[in-house]
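Structure first, then comments.
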Amino acid sequence: GSVVGKISSVDVSPCLKQPCELVKGESYTVNVTFSSDAASQTSKAIVHGVIAGVPVPFPIPNEDGCKSGIQCPIQQQKTYSYINQLPVKTEYPSLKLVVEWELRDDNNKDYFCFKFPVQITS
């Protein structure tokens with residue numbers, strides 16, 4: 001799903017095994033290193049929890065990629081480190097799902113898109 005970028009590495013921390021065990025009330029760090037194939041003044045993160053094939057918006061504290069470790073404007077052929085938090089609210093149900101994380105450019109194209117399985121627990 002990465003249209004105008006290429007992922008070098010993805011790190012979700014702490015995540016010791018797959019699926020990542022996310023404890024309600026805790027926050028997790030997502031760190032993505034990627035290279036850009038397109039210039040952009042802005043970047044916006046969009047996160048979904050995919051439950052039974054249905055994407056449900058998963059709110060994050062800051063969707064602005066330019067405030068998440070990336071120095072904007074984004075330039076072509078440069079490598080960036082995107083760092084953000086994934087808070088797990090106490091009211092979330094305990095279930096298995098897939099988290100889909102995208103970072104988009106000015107034209108709404110994905111610098112990166114990746115998915116990772118999680119288990120939300122108490």
Completion exercise
With a 1.4 angstrom probe the carbon and sulfur portion of accessible area for the stretch 72-122, in percent, totals 47 percent
Handout entry: Computed log₁₀ I(q)/I(0) - Debye formula, equal Cα scatterers, no solvent, the stretch 50-122, q 0.11, 0.16 Å⁻¹
Key = -0.34, -0.68
Handout entry: Computed magnitude of the charge dipole of the chain (debye, nearest 20; Cβ of K, R +1, Cβ of D, E -1)
Key = 140 debye
Practice task
List the cysteines in the chain whose Cβ has no other cysteine Cβ under 4.7 Å from it.
Solution key: CYS113
Handout entry: Relative contact order (%) - the chain, alpha-carbon pairs under 8 angstrom, separation at least six
Key = 36 percent
Problem - Amide H contacts under 5 Å for VAL23, placed H, 5+ residues apart - result: THR121
Exercise for the section: Name the residue farthest towards the positive end of the dipole of the chain from the options GLN119, GLN85, PRO57, assuming +1 on Cβ of Lys and Arg, -1 on Cβ of Asp and Glu, about the Cα centre. Expected result: GLN119
Completion exercise
Placing +1 on each Lys and Arg Cβ and -1 on each Asp and Glu Cβ in the chain, then taking the dipole about the Cα centre, the residue among ALA38, SER13, GLY69 whose Cα reaches farthest towards the positive end is SER13
Practice task
Under 24 Å Cα to Cα from LYS89, which lysines show up? Leave out anything in the same chain fewer than 8 places away.
Solution key: LYS17, LYS24, LYS44, LYS67, LYS115
Problem - Carbon plus sulfur fraction of accessible area for the stretch 1-66, probe 1.4 Å, in percent - result: 54 percent
Exercise for the section: Please report, to one decimal in angstroms, the Kirkwood hydrodynamic radius of the chain built from all distinct Cα-Cα pairs. Expected result: 14.6 Å
Completion exercise
With the label point 7 Å along the Cα-to-beta-carbon line of LYS24 and a cut-off under 17 Å to each amide N, the hits in the stretch 49-67 are 59
Practice task
Counting only heavy atoms of the protein chains, get the accessible area per residue of the chain (1.4 Å probe) and round it to a whole Å² value.
Solution key: 53 Å²
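The values are calculated or read from the model by the stated rules, or taken from the named source; none is laboratory data. Small disclaimer: the values here were computed from a predicted structure and weren't measured. No Cβ is skipped: glycine too gets one built from the backbone with ideal geometry, and neighbour counts run over all protein chains shown. SASA here: full protein model, heavy atoms, side chains in, ligands and nucleic acids out. Shrake-Rupley method; radii C 1.70, N 1.55, O 1.52, S 1.80 Å.
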